[in-house]
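Working notes for the structure below.
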Amino acid sequence: MRHTGRIHSIETFGTVDGPGIRFVLFLQGCALQCRYCHNPDSWDTQGGTLRTVDEILAEIEPYVDYYTRSGGGITVSGGEPTLQAPFVAELFQACKDRWNLHTALDSSGFCDPSHADTLLGVTDLVLLDLKLMNRRGHVELTTQPNDRTIAFAKHLSERGNRMWVRRVLVPGLTDSAEDLIDLGRFVEELTGVEKVEVLPYHRMGVYKWQQLGMPYTLDGIQETALEEVQRAYQLIGRGRNMVRVRPKI
Ligand code: SF4
């Protein structure tokens, strides 16, 4: 059986969403509305373009050597890829069967874990966004509480899935010392976390909000300075004994 997915966009030479050079597939549809989102045009679950697994495999095929030789693979991002878990699971399985390709899932974790187990069984690495540990702040940032994401992280830990935990650092919103230390403590309790990545906030997607006629509420907030990223790593490490981190600028 070949599932169909709603596709937002494709990047054939991604270098920031997992190890090596990667085919990055951005899926359409997200239940969150993060104020810093640089792909607000990916939120609508009825938007995007319908593509089959075979069509996506044909897009990957010309570049497979680059992915395998660089220690890369395929990353499925969004939007929120777990909303289309059966499609992604079939795609990942096919990538493994054909090329033994490394598979990564870039997720907000805002999903019912029981709906994602088949997918997680063919996922080599989960890039998990822990946007904010403070529950009320998470609602203000994304419109939704973080209960599902926390539960998803624990589920991954229990399953033994490998994880890279990520935090977008937005000055004044997601960079408080208290929350970063809490993040470090939470990560310390999980198994399978190989890395924590602090991602600086940037404004490259602001034009999309303008094109969609949506108010961008972070006007006036500057892009994150390198020193702030380094400070965040230190604070996360204070709550975590063995933090392994790699700045991503
Ligand atoms: S989870 Fe990702 S795609 Fe969804 S609103 Fe947040 S940043 Fe945008």
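Throughout, read-outs are computed from the coordinates displayed, never taken from laboratory work. Because the structure is a prediction, the values reported are computed rather than measured. Don't worry about glycine lacking a Cβ; one is built from the backbone with ideal geometry, like all the others, and counts go over all protein chains shown.
List of remarks:
- For the chain, DSSP calls about 25 percent of its internal beta bridges antiparallel.
- Extending 7 Å from Cα along the Cβ direction at GLU227 and again at SER176 yields two label points whose distance is 2.3 nm.
- Taking the chain, the Cys residues with no second Cys beta-carbon under 4.7 angstrom are CYS30, CYS95, CYS111.
- Nearest 10 degrees, 0 to 90: helix 147-159 Cα axis against the chain principal axis: 60
- Applying 1/(1 + (r/R0)^6) with R0 = 45 Å to the Cβ-Cβ distance of THR68 and MET214 gives a FRET efficiency near 0.65.
- Close amide H contacts of GLN28 (hydrogens built in the peptide plane, cut-off under 5 Å, sequence separation of 5 or more or a different chain): ARG6, ILE7, HIS8.
- Directionally averaged projected area (convex hull, Cα atoms, region 4-239), nm²: 12.1
- Alpha-carbon centroids, region 111-149 and region 30-60: separation in whole Å: 17
- Cβ-defined net charge surrounding ILE221, 10 Å radius [Lys, Arg +1; Asp, Glu -1]: 0
- Under 13 Å, Cβ to Cβ, from SER157 - net charge with Lys/Arg +1 and Asp/Glu -1: -1
- Over all pairs of different C-alpha atoms, region 124-249 has a mean inverse distance whose reciprocal, the Kirkwood radius, equals 15.2 Å.
- Classification of region 3-78 by its C-alpha gyration tensor yields an oblate form. The axis ratio a/c (a ≥ b ≥ c) is 1.5 or more, and b/c is at least a/b.
- Phi angles across region 183-189 convert, under the Karplus curve 6.51 cos²θ - 1.76 cosθ + 1.60 with θ = phi - 60°, into 3J(HN,Hα) values of 4, x, 5, 5, 4, 4, 7 Hz, Gly and Pro given as x.
- In the chain, the longest principal axis of the Cα atoms and the axis of helix 226-239 are about 90 degrees apart.
- For region 110-188, the relative contact order works out to 40 percent when only alpha carbon pairs closer than 8 Å and six or more residues apart are counted.
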